[in-house]
Structure formats: structure tokens, C-alpha cells
Amino acid sequence: MLLITPEMGAKDILLKTGILKQHSDGTLGIYHKIHPEIIKKSCCRRAYVRGAFLGGGSISNPEKTYHLEFVTNSLEYAEDLMKLINSYNLTSKVIQRKSNFVVYLKEGEQIIDLLNIIGAHNALLELENVRIYKEMRNNVNRLVNCETANLNKTVDAAVRQIESINFIKEKVGLKKLPANLREIAELRLNFPDVSLKELGQMLNPPIGKSGVNHRLRKIEKIAEELRDS
């Protein structure tokens, strides 16, 4: 801990750094804004944000959520700090939390930018690693969900096709179908788990996925007409 006594010039330091202000009657008061004299240079602005973070800042566990904040008890100061942070093309905002005012960022990329501004490079790298891992995990989950949805559609279609073929078989017999439809119907019954593309390759001559789908749709339509008759 660094201790500066009145004899060592504590008052002058607090006045020069804009923490205290002196009224016309000689009394002292708290200056609830950022003194423009101490943030004139780029290096000073960065140092000020760094000090503000060390004094009243925190960052949440990035594994759960992205959130960095500065807590202060003055709205004027919070708004000044927000403007200073946003001068770096960031979009921090101010909210009131009980008797305090909070300047916060909630986007991972912007938090990384702010950590870079204040020189917290080790924390920046750790957060970047977590962010990349989360994005990869989310992408994998999206792909898995997409594949699962497509698989469910394929299974549902196959079940529906087999039900239609069995209905025709019981109602009038598959021999009543045109040769091309009867051929694909028998293949679907014998190979219920294969894809449309694989069914098409089993035909002689082979046909594409769209051709198989067209024939199976015709079969489903025939089954529908038989149900309605």
C-alpha cells in the first residue's frame, strides 16, 4: 500500500489529478467527472482506463457469459468514463444498480479490445482462447442439430413411404403398379434404412436422388387415392 500524508503533498496530488476541486471559498469537494487535463494524451487516456479498471472494474467468467464493468457511485463520472471508453470505437453503456452506476461491455470482441487498450495482454489471450473454443463448440452443436434434423426428416419420409407401399401391397398388390414404381417400391421395402441416393444406385440403369424421390412421391399419391376411394 502506498500512503501519502498531507505533509507529503496529498492535497496537491488530489487536486492535480482532478479527484478534488477547490471552491471559491477555499473549501474542497469531490470532482465527479474526469478532469480533461489528465487525459489529453493517448497514453494518459489508456492509463486512466487501466486505473479505473484496477480501482472499480471486474470481468465475469467468460465460460459463462461475456461481461466487463466499472462500478462508480456518480452518474456524471460514469458518463464521462463511458465517453472515454467509447472514444476507442467501443459501445459501452451505463446502467444504475441500486446506489451505484455501472459502465459495462457485453460483447466478447469489445471486451478483448478494451483489455488490449489497458495492456492486459495475458487476460486478453485467455479470453480469446475461451471465445474461440466456445464458438467452435457452438458451431459443432449447430451442425449436429442440423444433421439430426435432416436425419429425422429422412427417417420420417422413409417410414411414410413404407407405410404407403405396404398399404398398396395389401389393397391391390404391388403388381398393379407400373414397372418403374414397382421396382423402387420393392427396393424400399427390402432396404428401409438406405438413402434415396443409394436406392437410385441399386436400379438398372441407376437414377439420381431426385428421380427416386419423384417415383416415391407418385407411390404416396397412389396410396392416398386408394385411401380416399
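FYI, it's all coordinate maths here, none of it is from the lab. Computed from a prediction, not measured in an experiment: that's the story for all the values here. Virtual Cβ from ideal backbone geometry, glycine too; neighbours counted across all protein chains shown.
What FRET efficiency do you get for Leu28 and Lys98 if R0 is 45 Å and r is their Cβ-Cβ distance, rounded to the nearest 0.05? Intermediate values should be presented prior to the final figure.
Numbers: r = 28 Å, r/R0 = 0.61.
It comes to 0.95.
With only Lys, Arg, Asp and Glu charged, each at its Cβ (+1 for the first two, -1 for the last two), find how big the charge dipole of the stretch 147-228 is about the Cα centre; round to the nearest 20 debye. The partial results should precede the final answer.
Values: 15 positive and 12 negative charges, 60 e Å.
Roughly 280 debye, rounded to the nearest 20.
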Query raised in the report: Which is farthest toward the positive dipole end of the chain among Gly56, Ser24, Ala10, measuring Cα position about the Cα centre, with Cβ charges +1 (Lys, Arg) and -1 (Asp, Glu)?
Result: Gly56
Query raised in the report: Between the stretch 66-107 and the stretch 158-229, how many Å separate their Cα centres?
Result: 65
Query raised in the report: Once the piece of chain linking Lys11 and Ala179 is laid out straight, how much longer is it, given 0.36 nm per residue of separation minus the C-alpha distance between them?
Result: 50.4 nm
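Give, rounded to the nearest 20 debye, the magnitude of the charge dipole that the stretch 1-102 has about its Cα centre when Lys and Arg contribute +1 at Cβ and Asp and Glu contribute -1 at Cβ. Before the final figure, lay out each step's value.
On the way: 14 positive and 9 negative charges, 63 e Å.
Computed charge dipole of the stretch 1-102: roughly 300 debye.
With respect to the cross-link table entries Lys21/Lys93; Lys171/Lys197; Lys21/Lys106; Lys41/Lys98, which display a Cα-Cα separation exceeding 32 Å? Write out the running numbers ahead of the final one.
Numbers: Lys21/Lys93 27 Å; Lys171/Lys197 28 Å; Lys21/Lys106 34 Å; Lys41/Lys98 34 Å.
Correct reply: Lys21/Lys106; Lys41/Lys98.
Relative to the Cα centre, what is the charge dipole magnitude of the stretch 31-164, using +1 at the beta carbon of each Lys and Arg, -1 at the beta carbon of each Asp and Glu, and rounding to the nearest 20 debye?
On the way: 18 positive and 15 negative charges, 71 e Å.
Magnitude of the dipole: close to 340 debye.
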Query raised in the report: Taking 0.36 nm per intervening residue step and subtracting the Cα-Cα distance, what contour gain separates Lys106 from Arg160 on full extension?
Result: 14.7 nm
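Using R₀ = 35 Å, calculate the FRET efficiency as 1/(1 + (r/R₀)^6) where r is the Cβ-Cβ separation of Ala149 and Ser74; round to 0.05.
Values: r = 52 Å, r/R0 = 1.48.
According to the calculation, E is roughly 0.10.
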Query - P(r) histogram, all alpha-carbon pairs of the chain included - 10 Å bins from 0, percent - result: 7, 21, 16, 10, 7, 9, 11, 9, 6, 4, 1
Query raised in the report: Add -39500 (n - 2.57) for each DSSP H run of 4 or more in the chain, then divide by its residues: what number comes out at 222 nm, to the nearest 500 deg cm²/dmol?
Result: -19500 deg cm²/dmol
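Based on the mean of other Cβ atoms within 10 Å per residue, sort peptides 128-141, 155-168, 9-22 so the most packed one is first.
Values: 128-141: 11.8, 155-168: 16.4, 9-22: 13.8.
Packing order, densest peptide first, comes out as 155-168, 9-22, 128-141.
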Report task. Starting from the Cα of Lys169, draw a straight line to each of the lysines and keep only those under 16 Å, dropping any in the same chain fewer than 8 residues away. Result -> Lys218, Lys221
Query raised in the report: How do Ser92, Ser24 rank when sorted from fewest to most other Cβ atoms within 10 Å of their own Cβ?
Result: Ser24, Ser92
